[in-house]
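The values are calculated or read from the model by the stated rules, or taken from the named source; none is laboratory data. Model, not experiment: these values are computed from the prediction. Every residue, glycine as well, gets a Cβ built from its backbone with ideal geometry; the counts of neighbours run over all protein chains shown.
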Amino acid sequence: MEILLLLFVWLYVLLQLLVLAGYASDRPKALRLQAAQPVAILIPARNEAENMAKCLQAIGQLNYPKDLLEVWVGNDGSVDQTAAIVEDFSKRFPYIHLYQVQGNLGSARAKGNVLAQLMQQSKAEFVFVTDADIEVAPDWINALLPHLIEKNSGIVSGTTLVDGLSYFEKWQGLEWSLGNGYLIGLNQLGMKSTAVGNNMCFTRSAYLATGGYENMPFSVTEDFQLFSAIRKKGYASLNLIEANSLNISAAQKKLMALLHQRKRWMIGAQDLPWYWLFVFGLQALFYPCLLALCFINMELALGIWLVKIALQSLYLLLIHLRLKRRIHWPSFLLFEPYTFLVQLLMMVFYLLPVKMDWKNRQY
């Protein structure tokens, strides 16, 4: 039993080293946009009155010619003031448009359905997607678009982090940092996975080649679904982790909302390549195996745990350095207890026969 437990926990430590190696390898060079192109920005929105104005204000601060922008906000059955806020912005800024989502297009559902309908409204060849609770970076388009224009490129995504004032929100920010780090580290080792759904862009040609969301099976992780479909059509993909393409997302305010969000991701992750399932399996089993090892060899378990914390902390520092983000040291020092509790709660919540609730819809 001790050998089996040691195998699992050391494999997790080796995984951390592998991700660090991938992260430290050559990263894509920054490209300068030679000539601005017409761009469509699609924003699905459902009951986002709290965030909608900040999102559109950030869009308005983009360092990009506004006469080349078409911004489409898809109001997906909101019962708050989301539509009214967008209408007010559209009166002041002619490039902003409100679209009332009606019914489902083909097999598309939820966010995929909104994007499918917005694709039919927009015209530009280059399409950017973000969420209503996101504040995009001023150079978002300038940072991602040059890579999308590259030959055979189909889909490109940047990095999104969570930010907030409370410890709970800042811990989520550190969690997102690690998640993005894993995505980039393994991606640079050739282990492709997904795009970041609130910070991605793709060509209309690549999208249409897939048949669009209306011809895809329903998935709660529509970003991974589109990423996979575009790559299957032979297009190249790229994931970036750079400060000039960093978008900021609102954090989950309550623990239950966080667990439902994570359950959604875990359901969608079932369709990922086998190596990602192996990665998630190691993550899920690390703490249970470490706890079991404590009863057999406390000193060894403690040593492995400290190695894990050291590697994790180093990775977080490297990511924040690349993204030019300051570390909130009190939350950083208390991040490990948060990680331990949330991962155990996630495992229990995932196994419970409770439907995943997202935007007041159950799946």
Go through 151, 111, 123, 91 for me and flag whichever is in the same structural domain as residue 209 (by TED's automatic domain parsing), touching a helix residue (DSSP H, G or I) at 6+ places or on another chain (Cβ under 7 Å) and basic (Lys, Arg).
111
Within the range 98-110, is even one residue crowded, with 19+ Cβ neighbours inside 10 Å, at pLDDT below 95 and in a helix (DSSP H, G or I)?
yes
In the list 293, 300, 259, 282, which residue meets the criterion of being touching a Phe, Trp or Tyr at 6+ places or on another chain (Cβ under 6 Å) and closer than 18 Å to residue 3 by Cα?
282
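Being under 30 Å from residue 302 (Cβ atoms) and crowded, with 21+ Cβ neighbours inside 10 Å is true for just one of 11, 5, 42, 15. Which residue is that?
Values: 11 fails: crowded, with 21+ Cβ neighbours inside 10 Å; 42 fails: under 30 Å from residue 302 (Cβ atoms); 15 fails: crowded, with 21+ Cβ neighbours inside 10 Å.
Among 11, 5, 42, 15, only 5 is under 30 Å from residue 302 (Cβ atoms) and crowded, with 21+ Cβ neighbours inside 10 Å.
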If we keep only residues of the range 167-218 that are in a loop (DSSP other than H, G, I, E, B) and free of Cβ contacts under 8 Å to residues at least 40 places away in the same chain, then the residue surrounded by the most Cβ atoms within 10 Å (Cβ to Cβ) is 210
Single residue of the range 336-363 satisfying the filter (of a type outside the set (A, V, I, L, M, F, W, C) and in a loop (DSSP other than H, G, I, E, B)) that is modelled with the highest pLDDT:
353
Restricting to the range 309-327, give me the number of residues that are assigned to a loop (DSSP other than H, G, I, E, B) and surrounded by 15 or more Cβ atoms within 10 Å (Cβ to Cβ).
2
Which one is surrounded by the most Cβ atoms within 10 Å (Cβ to Cβ) among residues in the range 219-228 that are closer than 30 Å to residue 14 by Cα and at pLDDT 90 or above?
227
Could you check residue 131 against (1) within 16 Å of residue 226 (Cβ to Cβ); (2) without any contact (Cβ under 8 Å) to a residue 60 or more places away in the chain; (3) assigned to a loop (DSSP other than H, G, I, E, B) and say which number it fails?
(2)
